[in-house]
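Single-structure report; data block below.
The values are calculated or read from the model by the stated rules, or taken from the named source; none is laboratory data. Computed from a prediction, not measured in an experiment: that's the story for all the values here. So basically every Cβ, Gly included, is an ideal-geometry build from the backbone, and we count neighbours across all protein chains shown. Heads up: the accessible areas ignore ligands, DNA and RNA and are worked out on the full protein's heavy atoms, side chains in. Shrake-Rupley method; radii C 1.70, N 1.55, O 1.52, S 1.80 Å.
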Amino acid sequence: MTREWWLDEHAPTFTWDLWYGCNYRCSYCWWEMENLWEELALNHRLLAPEDWAAAWTRVRERHGEARIDVLGGEPLAYTRAGEVFEALSKLHRLVITTNLSPEPEKLDLLASCLSPERVHFSASFHPEFTTIDAFVRKLSLLRARGFRPAVLFVTWPPLLPRLAEYRGVFQDDGYPF
């Protein structure tokens, strides 16, 4: 088995908080502690996909192809996220950390526009907002499109009693956890 490209060092690497919007309100999220989401929303940079592409084109011209770790909030909830990722993945490799909250049809449409050789999904499982079965179905949808998503899990103390169960389900299905 060959090593996944997203596990290899890829210089330069950028971590990009695409925006500060999230559709989940997790009880363990630090932005929830003081109801900071509204304050953070004042700092949103809602740019058109072509404007983001122009900015990241300048990065490529200066530094070459990079790996961009895209975070948020929730990146897939960004306005025109699919267009942003499609344009950027032609310039750089992307690792998108997402809660996979879009409806399956929207997720499939996004995946159909992206290349597994250029984009990786790190899927963050939040049992407060989805079932493990629904989440695995979305992972399977990505896998059917050629992606090899990995699963992230917040080890918040009330969720720890089921950690071994969750890990077992994902690993038994072949998803790195």
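A Förster radius of 22 Å, combined with the Cβ-Cβ distance separating Phe177 from Ala144, puts the computed FRET efficiency at roughly 0.65.
In this structure Ser112 has an accessible area near 60 Å², from a 1.4 Å probe over the protein heavy atoms. Please label the shape of the stretch 124-177 as rounded, prolate or oblate, based on the square roots a ≥ b ≥ c of the eigenvalues of the alpha-carbon gyration tensor (a/c under 1.5 means rounded; beyond that, a/b larger than b/c means prolate, else oblate). Judged from the Cα gyration tensor, the stretch 124-177 comes out prolate (a/c at least 1.5, a/b above b/c). Under the criterion of Cα pairs below 8 Å and six or more residues apart, the relative contact order for the chain equals 19 percent.
Couplings 3J(HN,Hα) of the stretch 92-100, computed from phi: 9, 8, 10, 10, 9, 8, 9, 8, 6 Hz, in residue order, whole Hz [Karplus 6.51 cos²θ - 1.76 cosθ + 1.60, θ = phi - 60°; x for Gly and Pro].
Between Arg80 and Arg45, full extension at 0.36 nm per residue minus the direct alpha carbon distance yields a gain of 11.3 nm. Spin-label model, Ser27 to Arg60: label points 7 Å out along the Cα-to-beta-carbon direction sit 4.5 nm apart. DSSP loop trypsin sites (Lys or Arg not before Pro) in the stretch 82-111 with at most 14 other Cβ atoms within 10 Å of their Cβ, which ones? Within the stretch 82-111, the qualifying trypsin sites (Lys or Arg not before Pro) (loop, at most 14 other Cβ atoms within 10 Å) are Lys90.
Taken over the stretch 63-113, the ratio of Cα radius of gyration to 2.2 N^0.38 Å equals 1.13. Per-residue ellipticity at 222 nm computed for the chain from its helices equals -10000 deg cm²/dmol, with DSSP H segments shorter than 4 residues left out and the rest contributing -39,500 (n - 2.57). Measuring nothing but protein heavy atoms, the accessible surface of the chain at 1.4 Å probe radius is 52 percent carbon and sulfur. The residues of the stretch 99-169 have, on average, 50 Å² of accessible surface per residue, using a 1.4 Å probe with all protein chains present.
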